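Rule-based calculations on the coordinates, nothing more; no lab input. Everything quoted here is computed from the prediction, not taken from an experiment. Glycine gets a Cβ as well: all are built from the backbone with ideal geometry, and neighbour counts include every protein chain shown.
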Amino acid sequence: MPLKRMDYAVVDPTSNTPWFPRSVGTIKNGSDLIWHRFRDVEGFNQYMNIQALAFISRYLVKTGAALLLVSLYSGQGFAAGRWYQVELIVFQQHGATSERFYQTAHQIAWPSRLVELSGHASLQALQARPVSYRKINSADWSMHWSERQLRRAGYAPILHVSWLQQVGKNRLSNAVHIYTTDGQGDYPLNGFVRIQRGNYLHLLVDLEYTRDIDDSGDETYRTVVYRLQEKRRIKLNEIHYLDHPRFAVIAEVKPIAIGH
């Protein structure tokens, strides 16, 4: 039965593993602290009461010990959130249609905080030492085959990127900035992606693709903006297709085991 209240554990940051005291009486001073690895949630809740938590908090403040108090919510696990590998391919589409699916101005409602992806690392290195919003090397991408198929079918990929991020239970992740540049300060592709984790997992995408088009046929070009905005319920380890007549997104989200 999942726990319905907030409980606490103590983490040793050198090993990133949770521990709890045998009893409150063993926590008297730094010389006779007795810690035991936490294995059973029910047993942990019996030991860790409010008095023990308060005592440990005072001990940490007094001694400056390098331990962290961490929340364990609803028996879902020790970590603050689950780790995911997110992979996106954004590509052009050339569907024959007389409809106009463009706008003449940018309309994205940007969130208050926008996270930039940083660096590159192998998936193995990130599993050993996770860093949120770190780009994953292309050798560890899982959608190479999809990109090859797109190219063979005449579709031009605009961007292929993958990164690692953490999402807490019942949380909406930070917005990840997704973009390309033309080298002159403009962003042909610009927008953000978020993950929402609740009873189900959702992918939120808000992207704009800016192009110069000649829709009059007289070589008079003008700048238009295509926008793809969608919130999609997704399943892990499955490829999802987000469609727009002029550009589209293929996305996959996979759970990643940390510490392996």
task = Could you run the Karplus curve 6.51 cos²θ - 1.76 cosθ + 1.60 with θ = phi - 60° over segment 110-119 and give me ³J(HN,Hα) per residue in whole Hz, x for Gly and Pro?
result = 5, x, 5, 10, 10, 9, 8, 5, 9, x
query = Sorted by mean Cβ packing within 10 Å, highest first, what order do the peptides 187-196, 114-123 take?
reply = 187-196, 114-123
note = For L201, other-chain or 5+-apart residues with amide H closer than 5 Å (H placed, Pro excluded) are I234
key: G191 long-range amide H proximity, modeled H, under 5 Å   = I178, E208
remark   = Length gained, A153-R232, 0.36 nm per residue minus C-alpha separation, equals 25.9 nm
task = Please give the contour-minus-distance gain from N199 to H94: 0.36 nm per residue of separation, less the Cα-Cα distance, rounded to one decimal in nm.
result = 34.1 nm
message = Could you work out how much longer the chain between H106 and T223 gets when fully extended? Use 0.36 nm per residue separation minus the Cα distance between them, nm to one decimal.
response = 41.0 nm
note = Mean Cβ-within-10 Å packing, highest first, puts peptides 235-245, 168-178 in the order 168-178, 235-245
